[in-house]
Amino acid sequence: MGWGSLREQFRSRFNKGDYIDTEEKEEWLNCEQAYKQIIDFGEYKVGKTENEEYELLKDNTLVSAFSEALMEEGRILFPLSHGMLLEISESGARKILTPEKAELCGLIAAEGSLYPYERKVHNQIFFHSADMEIIERHIELFKKVYGVTPHIYQGKGEFIAGIRNKEAYYDLREIGVKTGPYRYHVPIEHLDEKGSKAYLKGFFSGDGSVIQHGKYAIKLRITSKYGDCLEEIREALLKVGFQPSEVRLDKTYGAHYLEIYAHDRIKFIKEIGSYSPAHVEKFERFLEAYKEGKVRRGRPKKREDG
């Protein structure tokens, strides 16, 4: 991905493209490189050079250099390739997904596939949906992250977006987006708060359900074939402040599910949401009824995990 696309992602994320402004620290003047500015995270430090570059150091040893950097409270972010960021904070260094890539991974986890799962040939990526709006969102995200555009096919009762691309295929496999038919991994280790919410939005757009409950109320449910995969979705929900139900088994359909409790419905709609037109329509009707006092918020549940 080119630097232009990365700048776009940064400006979308932060609503600006400003560089970092920090103060010079005298104790750093004895380094081999004289820096205009220093950001000190303990084990890791970032120096801004006279050439306006950012150098990342670990224990005073140069690790890498970057031409761009952006600061959030308590951390600095450097752009990497394919929708990844290097996050440096007092907790250390880790690679995180941009919100765009996190959402793409959520969509693929719910309704996508990497073919084949075992043999290392073909390098095909497919995404299925009955809604063209979701297909178009998948394609938009894929192009932003990988710079290539999947093709749209008409299936039986659904649309299919497919592409053969070795670079994207192995990148998604390494993250563990899909680990087998109907199996997936939530890359929590690579998600910050914004990334977690974006991932959950992508996943709910595919495997979420908005069930009418009475005249005005709704139930929010997430379903998966495998309970251990759904436990990772639950962990992601807990991480961003939701209190979902335990993962349960629906013996009638042989699928696992969890629910978003009533007191979290508004929060979920506003902070997570969905690209499914059917979901959005029900969300809007529910919010209007809630505004008119026809639906009660619900009482918080005690956390079931103690």
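Considering only region 104-115, state which residues are assigned to a helix (DSSP H, G or I) and out of contact with any Leu (no Cβ under 6 Å at 6 or more places or on another chain).
Scanning region 104-115 gives CYS105, GLY106, LEU107, ILE108, ALA109, ALA110, GLU111.
Being basic (Lys, Arg), touching a residue at least 40 places away in the same chain (Cβ under 8 Å) and over 30 Å from GLY74 (Cα atoms) is the filter here; which residues of region 88-140 pass it? Steps first, please.
Taking region 88-140 and keeping what is basic (Lys, Arg), we get 94-95, 101, 119-120, 137.
Of the ones still in play, those that are also touching a residue at least 40 places away in the same chain (Cβ under 8 Å) are 94-95, 101, 137.
Within region 88-140, just ARG137 meets the criteria.
Among what's in region 55-64 and is more than 26 Å from the chain's Cα centre (by Cα) and surrounded by 13 or more Cβ atoms within 10 Å (Cβ to Cβ), pick the residue that is nearest to GLY92 (Cα to Cα). Talk me through it step by step, then tell me what you get.
As a first pass, look at region 55-64 and keep what is more than 26 Å from the chain's Cα centre (by Cα): 55, 57-63.
In the following step, the residues that additionally are surrounded by 13 or more Cβ atoms within 10 Å (Cβ to Cβ) were identified as 55, 57-58, 62-63.
Values: GLU55: 16, LEU57: 12, LYS58: 10, LEU62: 15, VAL63: 13 Å.
Among residues in region 55-64 that are more than 26 Å from the chain's Cα centre (by Cα) and surrounded by 13 or more Cβ atoms within 10 Å (Cβ to Cβ), the one nearest to GLY92 (Cα to Cα) is LYS58.
Need the failing condition index for LEU237 against (1) without any contact (Cβ under 8 Å) to a residue 60 or more places away in the chain; (2) buried (at least 16 other Cβ atoms within 10 Å of the Cβ); (3) part of a loop (DSSP other than H, G, I, E, B), just the number.
Only one criterion in (1) without any contact (Cβ under 8 Å) to a residue 60 or more places away in the chain; (2) buried (at least 16 other Cβ atoms within 10 Å of the Cβ); (3) part of a loop (DSSP other than H, G, I, E, B) is unmet by LEU237, namely (3).
What are the residues in region 188-215 that are farther than 22 Å from GLU136 by Cβ, in a helix (DSSP H, G or I) and among the polar types (S, T, N, Q), if any?
SER196
Filter the strands (runs of 3 or more DSSP E) completely within region 116-173 down to those with at least 1 residues that are under 22 Å from the mean Cα position of the chain (by Cα) and closer than 23 Å to HIS185 by Cα.
Details: elements: 124-129, 151-154, 159-164.
Passing ranges, in order: 124-129, 159-164.
Rundown of residues vs (1) outside the structural domain of LYS166 (by TED's automatic domain parsing); (2) in contact with a helix residue (DSSP H, G or I) (Cβ under 6 Å, 6 or more places away or on another chain), yes/no style:
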{"residue": "VAL46", "(1), (2)": "yes, no"}
{"residue": "ASN51", "(1), (2)": "yes, no"}
{"residue": "TYR54", "(1), (2)": "yes, no"}
{"residue": "GLU68", "(1), (2)": "yes, no"}
{"residue": "MET71", "(1), (2)": "yes, no"}
{"residue": "SER113", "(1), (2)": "no, no"}
{"residue": "ILE134", "(1), (2)": "no, yes"}
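Of all residues in region 204-239, which are over 21 Å from THR252 (Cβ atoms) and among the aromatic types (Phe, Trp, Tyr)?
Of everything in region 204-239, those that are over 21 Å from THR252 (Cβ atoms) and among the aromatic types (Phe, Trp, Tyr) turn out to be PHE204, TYR216.
When you go through (1) farther than 22 Å from PRO277 by Cα; (2) among the small types (Gly, Ala, Ser); (3) buried (at least 23 other Cβ atoms within 10 Å of the Cβ) one by one for SER91, which number turns out not to apply?
(3)
Tally the residues that are acidic (Asp, Glu) and either closer than 20 Å to LYS144 by Cβ or surrounded by 20 or more Cβ atoms within 10 Å (Cβ to Cβ) (or both), restricting the search to region 65-88. First the steps, then the outcome.
To start, the set of residues in region 65-88 that are acidic (Asp, Glu) comprises 68, 72-73, 87.
Narrowing the set further to residues that are either closer than 20 Å to LYS144 by Cβ or surrounded by 20 or more Cβ atoms within 10 Å (Cβ to Cβ) (or both) leaves 68, 87.
Adding up the residues that qualify gives 2.
Could you tell me how many of the residues in region 240-278 are over 22 Å from ALA130 (Cβ atoms), touching a residue at least 40 places away in the same chain (Cβ under 8 Å) and among the polar types (S, T, N, Q)?
Final tally of qualifying residues: 2.
If you go through region 244-289, how many residues are of a type in the set (D, E, K, R), surrounded by fewer than 16 Cβ atoms within 10 Å (Cβ to Cβ) and not in a helix (DSSP H, G or I)?
First, pick out the residues of region 244-289 that are of a type in the set (D, E, K, R): 246, 248, 250-251, 259, 264-265, 267, 270-271, 281-282, 284-285, 288.
When the remaining residues are screened for being surrounded by fewer than 16 Cβ atoms within 10 Å (Cβ to Cβ), the result is 246, 248, 250-251, 267, 270-271, 281, 284-285, 288.
Then keep just the ones that are not in a helix (DSSP H, G or I); that gives 246, 248, 250-251.
Matching residues across region 244-289 total 4.
Can you say whether LYS201 is surrounded by 20 or more Cβ atoms within 10 Å (Cβ to Cβ) and either in contact (Cβ under 8 Å) with a residue 40 or more places away in the chain or in contact with a Lys or Arg (Cβ under 8 Å, 6 or more places away or on another chain) (or both), as far as the supplied structure shows? Walk me through how you get there before you give the answer.
Numbers: surrounded by 20 or more Cβ atoms within 10 Å (Cβ to Cβ): yes; either in contact (Cβ under 8 Å) with a residue 40 or more places away in the chain or in contact with a Lys or Arg (Cβ under 8 Å, 6 or more places away or on another chain) (or both): yes.
Considered against the rule, which asks whether it is surrounded by 20 or more Cβ atoms within 10 Å (Cβ to Cβ) and either in contact (Cβ under 8 Å) with a residue 40 or more places away in the chain or in contact with a Lys or Arg (Cβ under 8 Å, 6 or more places away or on another chain) (or both), LYS201 comes out as yes.
So that you can scan it fast, the table gives a plain yes or no per residue for (1) modelled with pLDDT of 95 or more; (2) touching a Gly at 6+ places or on another chain (Cβ under 7 Å); (3) surrounded by fewer than 17 Cβ atoms within 10 Å (Cβ to Cβ); (4) not assigned by TED's automatic domain parsing to the domain that holds ILE260:
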position: LYS156; (1), (2), (3), (4): no, no, yes, yes
position: ILE163; (1), (2), (3), (4): yes, no, no, yes
position: VAL177; (1), (2), (3), (4): yes, no, no, yes
position: PRO181; (1), (2), (3), (4): no, no, yes, yes
position: LYS197; (1), (2), (3), (4): yes, no, no, yes
position: HIS213; (1), (2), (3), (4): no, no, yes, no
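So how many residues does region 66-101 have that are more than 19 Å from GLU167 (Cβ to Cβ) and assigned to a loop (DSSP other than H, G, I, E, B)?
Residues that pass the stated criteria total 7.
The values are calculated or read from the model by the stated rules, or taken from the named source; none is laboratory data. On a predicted model such as this, the values are computed, not experimentally measured, just so you know. We place every Cβ from the backbone using ideal geometry, glycine too, and count neighbours over all the protein chains shown.
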